[in-house]
Amino acid sequence: MKMKMMLALTAILAGLLFFTACDNAKKTGADVAIKGAQTAYAAVADQANQYVPDQAKDVQTSIQSAKDAYDKGDYAAAFEAAKALPEKVKALATAAAAKKDELTAKWGELSGSMPDMVAAVQTKVDALTKSHKLPAGAGDTLTSIKQNWTDASAAFSSGQLSDALAKASAAKAKLTELQTTLGMKPAA
């Protein structure tokens, strides 16, 4: 994906440099630049739409603006608009990768602590069940938390990091509440 995007960006820049000489060439240059930007954007669109949707929409709008100017026959405006596209697509790819890395790191933190927290609460629930002092609904809450964690793990496995983090954070919040209910010191 990265190599494909870099090749497309290189083609855009080459097209821009080659066709800056005359007005008639601006039509061809704009066409090459717009198509190159569309190709480069397509290479990062899925990841960008998932992790930085607002920035992805901005790049789509910029590409469409250049295309609209081209379709209206305003090749000079299309060419000018197209000149900014390679940097926008490159910045989009960088932002999407950074957001993915950030979310992956947050997932790593949660997935490192949640299993131990769940196990500790399970031990406490088992002990309180034996002594018949388990607070009402605590067992059901723990079952719900375990299901939320399973759902979060499945979302992570399928590449839905934002969804996985939302589910995992909700599970952790419920687990922290349950620890308090059970008289445990909530983990940090």
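The values are calculated or read from the model by the stated rules, or taken from the named source; none is laboratory data. Please read these numbers as outputs of a predicted model, since none were measured by experiment. We place every Cβ from the backbone using ideal geometry, glycine too, and count neighbours over all the protein chains shown.
Per-residue answers, yes or no, for (1) on the phi > 0 side of the Ramachandran plot; (2) not aliphatic (A, V, I, L, M):
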| site | (1), (2) |
| --- | --- |
| Ala120 | no, no |
| Ser131 | no, yes |
| Gly137 | yes, yes |
| Ser144 | no, yes |
| Leu165 | no, no |
| Ala168 | no, no |
| Pro186 | no, yes |
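From the list Lys167, Lys124, which one is within 29 Å of Gln47 (Cα to Cα), at pLDDT 90 or above and among the basic types (Lys, Arg)?
Result: Lys167 is the single residue among Lys167, Lys124 that is within 29 Å of Gln47 (Cα to Cα), at pLDDT 90 or above and among the basic types (Lys, Arg).
Return yes or no: is Ala138 farther than 30 Å from Thr181 by Cα and either outside the structural domain of Thr176 (by TED's automatic domain parsing) or touching a helix residue (DSSP H, G or I) at 6+ places or on another chain (Cβ under 9 Å) (or both)?
no
Take Ala154 and decide whether it is part of a helix (DSSP H, G or I) and either within 17 Å of Gly183 (Cβ to Cβ) or assigned by TED's automatic domain parsing to the domain that holds Glu177 (or both).
Yes.
Check off (1) modelled with pLDDT of 85 or more; (2) out of contact with any Leu (no Cβ under 6 Å at 6 or more places or on another chain); (3) of a type outside the set (Gly, Ala, Ser) for Phe18 and give me the number that stays unchecked.
Among (1) modelled with pLDDT of 85 or more; (2) out of contact with any Leu (no Cβ under 6 Å at 6 or more places or on another chain); (3) of a type outside the set (Gly, Ala, Ser), the lone unmet condition for Phe18 is (1).
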